[in-house]
Amino acid sequence: VRLQMHQEELERRVQQLRDLLGTDPPAEWADVEQAHRDYVAHVSQIRGVAGEKRSVRDFHYAYEFGDPIATECEELLMGLIAANEQTMKAHRQVSQQTYARSRSTLFGFSVAGILVSVAISFFTGHRIARRLRALAHYAGAIQTTGDLSKPAPKLGRDEVGLLADAFERMRQTLHEHTV
């Protein structure tokens, strides 16, 4: 309330000065009015933030010490923001480097996987083809010579081995009927 009264008193005195100067005030008068408007604006801000104080002395005490503290706090905050931006920039760079390494590693694993798959396919295909050639050679020898006394080659327990076993059973049956 006292602060409000002080502000109203200041308004009256500024108005009295305007009246005394009349219609042709000096050039400095614009500076006085601007200073008054600035003062009123600052008072309103402080009252809005700090609430109504009990006396003008309390208000000026808060304004006198509060403004430098607020400025210092603002500078500290700006410093924190700058430090966080630097930290974020460093994290962003590390993240980009990690992404690039991960991408390269994944590409390497993919190429290695493809090469291993091709090698396994080639080895498996070659192994199956070799065993089928052995079986075909055996069947061709029987057809050329007609000799059913020689057993079919043992070629394992997979599908080619099962085919060789079937050949062997067929040979045994034919051999029994022809002897």
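The values are calculated or read from the model by the stated rules, or taken from the named source; none is laboratory data. Because the structure is a prediction, the values reported are computed rather than measured. Positions of Cβ are backbone-derived with ideal geometry, glycine not excepted, and every protein chain shown enters the neighbour counts. Heads up: the accessible areas ignore ligands, DNA and RNA and are worked out on the full protein's heavy atoms, side chains in. Shrake-Rupley method; radii C 1.70, N 1.55, O 1.52, S 1.80 Å.
What is the distance in Å between the Cα centres of segment 152-179 and segment 85-126?
Each part reduced to its Cα centre gives a spacing of 49 Å.
Rank these residues by their accessible area, most exposed first, probe 1.4 Å: T23, T71.
So the residues, ranked largest to smallest area, are T23, T71.
Quick check: residue separation of L106 and M78 times 0.36 nm, minus the Cα distance between them. What number comes out in nm?
6.0 nm
What's the carbon and sulfur percent of segment 85-124's accessible surface, probe 1.4 angstrom, rounded to a whole number?
For segment 85-124, the apolar C and S fraction of the accessible surface comes to 69 percent.
Hey, rough spin-label estimate for L174 and Q96, points 7 angstrom out along Cα→Cβ, what's it come to in nanometres?
The modelled label-to-label distance comes out at 7.4 nm.
From the backbone phi of segment 138-155, what are the Karplus-calculated ³J(HN,Hα) couplings (6.51 cos²θ - 1.76 cosθ + 1.60, θ = phi - 60°) in whole Hz, Gly and Pro given as x?
For segment 138-155, the Karplus curve yields 4, 5, x, 5, 5, 5, 6, 8, x, 8, 9, 7, 7, x, 6, x, 7, 10 Hz.
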